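First comes the structure, then the notes that go with it.
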Amino acid sequence: MVSRLGILTYVALAVRNLVRNRRRTIITLLTMMFGIATLTLLSALNDGWLSQMKTNFILSFTGHLQIHAKGFESSQNLRDNIADPEAISRFMDTYPEIIGWTQRIRTSGLASVSGSSSGVQIMATDPEQETWVTSMDQSVTSGVWLRPGMNKDLLLGKTVAQNLGAGLSDRVILMTQRPSGEMVSEVFYLRGIIETGAPQIDRTLALISLDGAQQWLQMEQAVTDIVIRADHHDQTDTLYRLFVQQLSEQVYEIMPWQELDPMVRQWLEFSDAYGLIILFVVILLVLTEILNTMLISLHERQKELGVMIAIGTQPHRIFLMLLFEAVLLIFVGAVLGYLSASLIVMLLAEGGIDLTGYANAFEFFYMDPVIHPQLTRDSAIKILLATLVAALLSGLYPAWKATRLSVSQALRIQ
Amino acid sequence: MSEANQSTIIQTRDLHKCYWVGTMPYPALHGIDLQIRSGEFAVLAGRSGSGKSTLLNIIGGLESADRGQAEVLGEDILKMGNSQRSKFRLTNIGFIFQAYNLIRVLSARENVAYVCQLQGKSKQQSLEIANHWLHEVEIGHLGYRRPDQLSGGQQQRVAVARALATEPKIILADEPTANLDSTTGRHLIELMQRLNQTLETTFLISSHDPDVKQAASRLIKLSDGQIVDSWDEIPQPPRSLEATCPLRNRPFTERLRHLFTPRRKARQQNRQRTSRHS
């Protein structure tokens, strides 16, 4: 004998049971909604600022992938350079994932303007190629971007310019070591001020053209970095694998953006862990609320469930019915919560949440002072799965308890 | 198997049941030997606490016994698991309860159709059967109402229709008229009698309603868990409390608890319970 009590009958029974006690159902749904909406909002904020942080970090300076001569990242010595960058550059057109690349020379040095000095990170780049990789050209707040062929042009980070008291057109002397170890200095003219939004860059950056730097430092065609920008953040790993296959690891070091700044990587990992903790706590609260509701409901319906078993309902069907009821309650609450949070995120996404007052606290982490919350597919799946698990967990115990019901005792309840 | 045995539909042998509240035993059945034959309209009579409902519940597989056998349609229902009992009840036994016990969220028609669907019939077929039986119990026009929109008598008729819809061989009714006024009660008795005669369904009813007793084709009187008078059964000699509620049947922890419960306290608990129940 196979029961014909299909899924629709269970839906109908579950809905009617929930409607029967409207007030309790509404209160439980509101709690659910609030819980899931809070979770979704927190998740959207987290995803929003993490995404901003990634983008800021990648676009402000590092690109998605960097290729150096072996050992350069730790030594920061110009002797560890890529003498023949063209050997690598020929790969760039073959990978469609690459939308831009540039060559750079990076070294530390000293900048002086009429008596005042400041330590700087000298970066030499190709003025045109750089614009395909980072957004530094758009970060020029006064003056102009590096001009091709103008080898004496210099751009300074906003803070370093302030510290030096340098204004546009001022003579700035840069001093550093050649690969040979010889100390050299050169006069440059300040043509622009850059504000990337990443204070540690703005505090140290001294930007000059690649051709000028190669001549000044006598490096011929050599560079220290080849910086690559992928079409999308997710393609970094693919490109990394491709270059690892193509280039000898004895000669080159290939570094994805996550490795270029361990602090950023740790911060991203911490944020993921923090997000999971929040998810766990909210789901635990939701689970407790639903469990409470289901147990009260079970207590109130003992007699009815006893009758259902007495007239021939198999205990496992009672189990399914109650489980379905819990899942339905959580599902409706979760959908309503998610939709209401989505609405709030939509409203906030455009203008963002202005945390300018707290910007100093976050400046180290490439955060924008205005956070634009965003809902991602990964977070939605995470929330959905966690809700489903909570629904099953909160429904399992009452449903199991119902199957252990003493029918005769249940029938005696007045 | 003799012809006499073939017509026996329910048979209990030396059935014992004792309830325990904490360390206090409450004997319910003292060795019940009972035979019900197919097509009977048998009534279990007796005062409250005489064991009528317990006997009915054990026969219906809703409760287990401490000792003895309860064969229904040739199968020992006490040896079945919970799931097996559910299936057995669904096919062979219909229940009518004192408090109607309809499913509140379903309409009268859906309440009756529910058991048919449990039996594997399609929804359409189940609803047709439900309509038929609701007409049969003379409330066909009330099929779309929910239980809380029906009077007590109407709800009990729905319960009768639900009990009959699976075409069971036995109907067990526990005080079916207790919550009804006398006129409605009499109508219900007439209805059950008519169904007993036309469908030859065996009815075993527990009741202390004189009208029900009067309608019985056989009256079985119970007192303190024993059959004291029956047109067929031989009254049994009184049995001791220890014989019905042996402490050895209790779990070890309960036995230990019993050992350490001061007798004075136990007597006090008993008095309190007695006063609550009286």
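The values are calculated or read from the model by the stated rules, or taken from the named source; none is laboratory data. Since the structure is predicted, the reported quantities are computational estimates derived from the model, not experimental observations. We place every Cβ from the backbone using ideal geometry, glycine too, and count neighbours over all the protein chains shown. Heavy atoms of the whole protein, side chains included, go into the accessibility calculation; ligands, DNA and RNA do not. Shrake-Rupley method; radii C 1.70, N 1.55, O 1.52, S 1.80 Å.
Of everything listed in (1) in contact with a Gly (Cβ under 9 Å, 6 or more places away or on another chain); (2) of a type in the set (Lys, Arg); (3) within 14 Å of chain A (Cβ to nearest Cβ), the single unmet condition for B:Arg67 is (3).
Considered as a group, the residues in segment B:65-84 that are among the aliphatic types (A, V, I, L, M) and assigned to a strand (DSSP E or B) include one that is farthest from B:Gly46 (Cα to Cα), and that residue is B:Val72.
In this structure, does A:Ser43 turn out to be closer than 30 Å to A:Leu336 by Cα, out of contact with any strand residue (DSSP E or B) (no Cβ under 6 Å at 6 or more places or on another chain) and not aliphatic (A, V, I, L, M)? Give the derivation first.
Values: closer than 30 Å to A:Leu336 by Cα: yes; out of contact with any strand residue (DSSP E or B) (no Cβ under 6 Å at 6 or more places or on another chain): yes; not aliphatic (A, V, I, L, M): yes.
Spelling it out, A:Ser43 is indeed closer than 30 Å to A:Leu336 by Cα, out of contact with any strand residue (DSSP E or B) (no Cβ under 6 Å at 6 or more places or on another chain) and not aliphatic (A, V, I, L, M).
Among the residues of segment A:305-325, is there at least one that is touching a helix residue (DSSP H, G or I) at 6+ places or on another chain (Cβ under 6 Å) and more than 14 Å from chain B (Cβ to nearest Cβ)? Scanning segment A:305-325 turns up at least one residue that is touching a helix residue (DSSP H, G or I) at 6+ places or on another chain (Cβ under 6 Å) and more than 14 Å from chain B (Cβ to nearest Cβ). Mind checking which residues of segment A:55-75 are polar (S, T, N, Q) and surrounded by 14 or more Cβ atoms within 10 Å (Cβ to Cβ)? Those that are polar (S, T, N, Q) and surrounded by 14 or more Cβ atoms within 10 Å (Cβ to Cβ): A:Thr55, A:Asn56, A:Ser60, A:Thr62, A:Gln66. Of the residues A:Gly306, A:Gly337, A:Gly352, A:Gly333, the single one that is at positive phi, in the same structural domain as A:Leu42 (by TED's automatic domain parsing) and out of contact with any Asp or Glu (no Cβ under 6 Å at 6 or more places or on another chain) is A:Gly352. Of the residues making up segment B:104-135, those that are open to solvent by less than 30 Å² (accessible area, probe 1.4 Å), touching a residue at least 12 places away in the same chain (Cβ under 8 Å), more than 14 Å from B:Ala163 (Cβ to Cβ) and facing chain A (nearest Cβ under 9 Å) are B:Val105, B:Leu106, B:Ser126. A:Ser114 passes every criterion in (1) at pLDDT 90 or above; (2) open to solvent by 70 Å² or more (accessible area, probe 1.4 Å) apart from (1). Filtering segment B:18-44 to residues that are assigned to a strand (DSSP E or B), within 24 Å of A:Arg412 (Cα to Cα), open to solvent by 20 Å² or more (accessible area, probe 1.4 Å) and of a type outside the set (A, V, I, L, M, F, W, C) leaves B:Tyr19, B:Pro25, B:Tyr26, B:Pro27. Checked against (1) outside any helix (DSSP H, G or I); (2) touching a residue at least 60 places away in the same chain (Cβ under 8 Å), A:Thr313 passes all but a single condition, namely (2).
What's the total number of residues in segment B:85-103 that are part of a helix (DSSP H, G or I), touching a Pro at 6+ places or on another chain (Cβ under 8 Å) and either among the charged types (D, E, K, R) or more than 9 Å from chain A (Cβ to nearest Cβ) (or both)? Talk me through it step by step, then tell me what you get.
We begin by selecting, within segment B:85-103, every residue part of a helix (DSSP H, G or I); these are B:85-92.
Right, trim to touching a Pro at 6+ places or on another chain (Cβ under 8 Å) and you get B:86, B:91-92.
Imposing the further condition that a residue be either among the charged types (D, E, K, R) or more than 9 Å from chain A (Cβ to nearest Cβ) (or both) reduces the set to B:92.
Qualifying residue count, segment B:85-103: 1.
Having 3 or more residues that are within 14 Å of chain B (Cβ to nearest Cβ) is the bar; report the helices (runs of 4 or more DSSP H) wholly within segment A:1-108 that clear it. Outline the logic, then answer.
Values: elements: A:7-20, A:22-57, A:72-75, A:86-89.
Once the helices (runs of 4 or more DSSP H) in segment A:1-108 are filtered for at least 3 residues that are within 14 Å of chain B (Cβ to nearest Cβ), what remains is A:7-20.
Among the candidates A:Ala273, A:Ala230, the residue that is among the aliphatic types (A, V, I, L, M) and either farther than 30 Å from A:Lys54 by Cα or surrounded by fewer than 16 Cβ atoms within 10 Å (Cβ to Cβ) (or both) is uniquely A:Ala273.
Scanning segment B:45-64 for residues that are in contact with a helix residue (DSSP H, G or I) (Cβ under 6 Å, 6 or more places away or on another chain) and part of a helix (DSSP H, G or I) gives a single hit, B:Asn57. One residue stands out among those in segment B:58-87 that are farther than 25 Å from B:Ser7 by Cβ and of a type in the set (D, E, K, R): the one that is most open to solvent (accessible area, probe 1.4 Å), which is B:Arg67. Considered as a group, the residues in segment A:79-102 that are touching a Phe, Trp or Tyr at 6+ places or on another chain (Cβ under 9 Å) and of a type in the set (A, V, I, L, M) include one that is most open to solvent (accessible area, probe 1.4 Å), and that residue is A:Ile99.
What about B:Gln226, is it open to solvent by 30 Å² or more (accessible area, probe 1.4 Å) and at pLDDT 85 or above? Lay out the reasoning, then the answer.
On the way: open to solvent by 30 Å² or more (accessible area, probe 1.4 Å): no; at pLDDT 85 or above: yes.
Considered against the rule, which asks whether it is open to solvent by 30 Å² or more (accessible area, probe 1.4 Å) and at pLDDT 85 or above, B:Gln226 comes out as no.
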